[in-house]
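**Student:** Below is the structure I would like to discuss, written out as structure tokens.
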Amino acid sequence: MKFRGLALGAAIGGTALLAVLAQPAGAVTVNYANQGDLKSLDPYTLNETTTIAHHAHVYEGLIRRDQNLKVQPALAESWELVEPNRWRFHLRKGVKFSDGTPFTADDVLFSAERVRAPGSNFATRLPPDAKVTKVDDFTVDFTTDKPNPILFNAWDSWYIMSKKWAEEHNSVAPTPAAATTPTYASLHAMGTGPFTIESHQPGVKTVFKKNPNYWRKVDGNIDEIVFTPIANDSTRVSALLSGEVDIVEPVPLQDIDRVKSSGAAQVLNAPEIRVVFLGMDQARDELVNSNVKGKNPFKDRRVREAFFKAIDVDVIKSRVMRNLSSPTPLMVARELFDLSGEFTREKSDPAAAKKLLVEAGYPNGFEVGINCPSDRYVNDGDICRAIISMLARIGVKVNPIIEPKAQYFAKILKSGGYNTSFYMLGWTASTMDSHNVLYEIMGCRTDPKSSRGDTNVSGYCNPKLDELADKVQVETDRAKRDQMIKQAFQLCIDDYCYIPLHQQPLSWGVSKKLKIQQRADNQVRFEWAVKE
């Protein structure tokens, strides 16, 4: 069956098809396919790059980042530090949500409360100590207990919602990633962005239409975005080469040469600022997916070190990633930390790993499950299968739990109770700064009133690291700050708190009829895309 038959026959209902055919003459449509689905339109459900990029077509933050990830004004036209611990943001006047409701400070205050409410996966965007005060309809103050020079670095993905719309549609509370029943906000959207939602069928298709009343001039010429999830690698690439879609992400690494030689499309390749890593549950007294009962092997540093030494990232690079990944010793992209070159990664040593397991009391190894997504990272399933094989060499039987990302994230994240013993995850520092990793991925999650460690699925906790992270947050001397960051990362390395694997490559397949900028954070954004 051709993809056209699949997409326009099975994926599009009759009414939707008529709507497509009824497009105004000259309307420019871009067809986009990704290996993963867009499950929820609620902008606070899932802190995941692909989902954030989809939402960016409809929603906006107080700031934005351009094609080169530089901070620019968005819903806030300017801001200044009025006191050491108080930022003042001046909101843009004349902006309206796509239903015509004016954007004001009330929407910012509402969004500040909602983003930190139970169920939000974006609570770290606004620190718990931050007090948000309305000065007037277009001025908002953010006051923190201590100076915070990087307070707003991640606010490009803290999207501002309409207070009026949310209240009218019973959507004041955020939709958790683990929700089994959709909410109004998960199926509909109302933002100030360059596009609106025409229709949304989770798992099938989402159609975005150009917002005719958007406040800012858009560089691109796209009138409509039709997003279709295509999990199958071969089908996704065939759809690109046949012209059925204009852009796919990712191109399977094994198909890059095929796409390049097609004459119809090109591959945009560049390093991504995402680190893919493995985490081990260090919080529970007994693992949820293991034959070891009454204790948790991962609480023993020797076991974590054994797992680290068993895994050969160079083999993963050459055999799984086609030499396009970049192995790393750190949990942050090297581009985001000036002293990253001072760290080196330990070499794989299976013999030493076996000895460590014997010392820890597991001479015959043990059994544990690994949670992996099948449609989120480049070659994610293959990476997990390679890891399973490597750990088998030291006597550890790893049972694969490989699922689509919607089920995967619903299970392992906070809203799912961190329901995993061993997992693979990828992380891009949303602030473009190491502090984000120290706070959100490595921070102790022991204080229920704090957002620290919200995505620390492993439950790793080192109070000394938290102390350093707090100092990093307020330090303005760059050299001193970098040394603190270095110390914090070294604590994690010494503890074998995680197993960083690599920075994955960006791999977009793009029709030669489409011109689009590839951002280093892997957000596929169409407001600056041009299609012939």
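The values are calculated or read from the model by the stated rules, or taken from the named source; none is laboratory data. Here the structure is a predicted model, which is why all the values come from computation and not from measurement. Reconstructed Cβ throughout: ideal geometry from the backbone, glycine too, with neighbour counts over all protein chains shown. Calculation scope for accessible area: heavy atoms of the full protein, side chains included, ligands and nucleic acids excluded. Shrake-Rupley method; radii C 1.70, N 1.55, O 1.52, S 1.80 Å.
**Student:** Can you name every residue in the stretch 303-332 that is open to solvent by less than 10 Å² (accessible area, probe 1.4 Å) and not in a loop (DSSP other than H, G, I, E, B)?
**Tutor:** Result: VAL303, ALA306, PHE307, ALA310, ILE316.
**Student:** Considering only residues that are more than 25 Å from the chain's Cα centre (by Cα) and under 20 Å from PRO149 (Cα atoms), look in the stretch 481-503 and name the one that is most open to solvent (accessible area, probe 1.4 Å).
**Tutor:** GLN483
**Student:** Do you know which of the residues in the stretch 452-480 that are of a type in the set (D, E, K, R) and within 22 Å of the chain's Cα centre (by Cα) is farthest from ASP281 (Cα to Cα)?
**Tutor:** Looking at residues that are of a type in the set (D, E, K, R) and within 22 Å of the chain's Cα centre (by Cα), I get ARG452.
**Student:** Same structure, new question: Is there a residue being under 20 Å from the mean Cα position of the chain (by Cα) and of a type in the set (S, T, N, Q) anywhere in the stretch 177-189?
**Tutor:** yes
**Student:** If you go through the stretch 180-193, how many residues are surrounded by fewer than 19 Cβ atoms within 10 Å (Cβ to Cβ) and not hydroxyl-bearing (Ser, Thr, Tyr)?
**Tutor:** 3
**Student:** Can you tell me which residue is farthest from LEU339 (Cα to Cα) among those in the stretch 396-449 that are among the polar types (S, T, N, Q) and assigned to a loop (DSSP other than H, G, I, E, B)?
**Tutor:** ASN419
**Student:** Which condition number does ALA177 fail, the rest of (1) surrounded by fewer than 21 Cβ atoms within 10 Å (Cβ to Cβ); (2) among the aliphatic types (A, V, I, L, M); (3) in contact (Cβ under 8 Å) with a residue 60 or more places away in the chain being met?
**Tutor:** Tallying (1) surrounded by fewer than 21 Cβ atoms within 10 Å (Cβ to Cβ); (2) among the aliphatic types (A, V, I, L, M); (3) in contact (Cβ under 8 Å) with a residue 60 or more places away in the chain, ALA177 fails exactly one: (1).
**Student:** Among the residues of the stretch 333-356, which ones are farther than 21 Å from ALA479 by Cα, part of a helix (DSSP H, G or I) and touching a helix residue (DSSP H, G or I) at 6+ places or on another chain (Cβ under 6 Å)?
**Tutor:** Correct list: PRO350, ALA352, ALA353, LEU356.
**Student:** Additional query: Looking at the stretch 450-468 only, could you name the residues that are among the hydroxyl-bearing types (Ser, Thr, Tyr) and open to solvent by 20 Å² or more (accessible area, probe 1.4 Å)?
**Tutor:** If the condition is that a residue be among the hydroxyl-bearing types (Ser, Thr, Tyr) and open to solvent by 20 Å² or more (accessible area, probe 1.4 Å), then SER450 is the only one that fits.
**Student:** Which ones in the stretch 367-393 are open to solvent by 10 Å² or more (accessible area, probe 1.4 Å), touching a Pro at 6+ places or on another chain (Cβ under 9 Å) and farther than 24 Å from LEU253 by Cβ?
**Tutor:** Within the stretch 367-393, ARG393 is the sole residue that qualifies.
**Student:** Determine whether the stretch 203-214 contains at least one residue that is at pLDDT below 95 and not in a strand (DSSP E or B).
**Tutor:** Looking for residues that are at pLDDT below 95 and not in a strand (DSSP E or B), one finds at least one in the stretch 203-214, hence yes.
**Student:** Hey, another quick one. Are any residues in the stretch 14-35 of a type in the set (Ser, Thr, Tyr) and either at pLDDT 95 or above or surrounded by 20 or more Cβ atoms within 10 Å (Cβ to Cβ) (or both), and if so, which ones?
**Tutor:** Across the stretch 14-35, the qualifying residues are THR29, TYR32.
Here is a yes/no grid of residues against (1) out of contact with any strand residue (DSSP E or B) (no Cβ under 8 Å at 6 or more places or on another chain); (2) hydrophobic (A, V, I, L, M, F, W, C); (3) under 19 Å from CYS492 (Cα atoms):
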residue	(1), (2), (3)
GLU403	no, no, no
ALA410	yes, yes, no
MET424	no, yes, yes
THR431	yes, no, no
LEU438	yes, yes, yes
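**Student:** State whether the residues of the stretch 223-239 include one that is in a loop (DSSP other than H, G, I, E, B), open to solvent by less than 10 Å² (accessible area, probe 1.4 Å) and in contact with a Gly (Cβ under 9 Å, 6 or more places away or on another chain).
**Tutor:** No, there is no match, as no residue in the stretch 223-239 is in a loop (DSSP other than H, G, I, E, B), open to solvent by less than 10 Å² (accessible area, probe 1.4 Å) and in contact with a Gly (Cβ under 9 Å, 6 or more places away or on another chain).
**Student:** Follow-up. Which residue, of LEU38, LEU69, is more than 26 Å from ASP106 (Cα to Cα), at pLDDT 95 or above and open to solvent by less than 10 Å² (accessible area, probe 1.4 Å)?
**Tutor:** The match here is LEU38.
**Student:** A follow-up question, please. Got at least one residue in the stretch 51-65 being open to solvent by 10 Å² or more (accessible area, probe 1.4 Å), in a strand (DSSP E or B), modelled with pLDDT of 95 or more and at negative phi?
**Tutor:** yes
**Student:** Right, here's the next one. Would you check which residues across the stretch 333-360 are buried (at least 21 other Cβ atoms within 10 Å of the Cβ) and either touching a Gly at 6+ places or on another chain (Cβ under 9 Å) or closer than 25 Å to GLY395 by Cβ (or both) and list them?
**Tutor:** ALA353, LEU356, LEU357
**Student:** Can you tell me which residue within the stretch 103-132, out of those that are free of Cβ contacts under 8 Å to residues at least 60 places away in the same chain, in contact with a Ser or Thr (Cβ under 7 Å, 6 or more places away or on another chain) and not basic (Lys, Arg), is surrounded by the fewest Cβ atoms within 10 Å (Cβ to Cβ)?
**Tutor:** ASP129
**Student:** THR196 passes all but one of (1) in a loop (DSSP other than H, G, I, E, B); (2) open to solvent by 30 Å² or more (accessible area, probe 1.4 Å); which number fails?
**Tutor:** Unmet for THR196, out of (1) in a loop (DSSP other than H, G, I, E, B); (2) open to solvent by 30 Å² or more (accessible area, probe 1.4 Å): (1).
**Student:** So, in the stretch 257-295, how many residues would count as being open to solvent by 10 Å² or more (accessible area, probe 1.4 Å) and part of a helix (DSSP H, G or I)?
**Tutor:** Of the residues in that region, 3 qualify.
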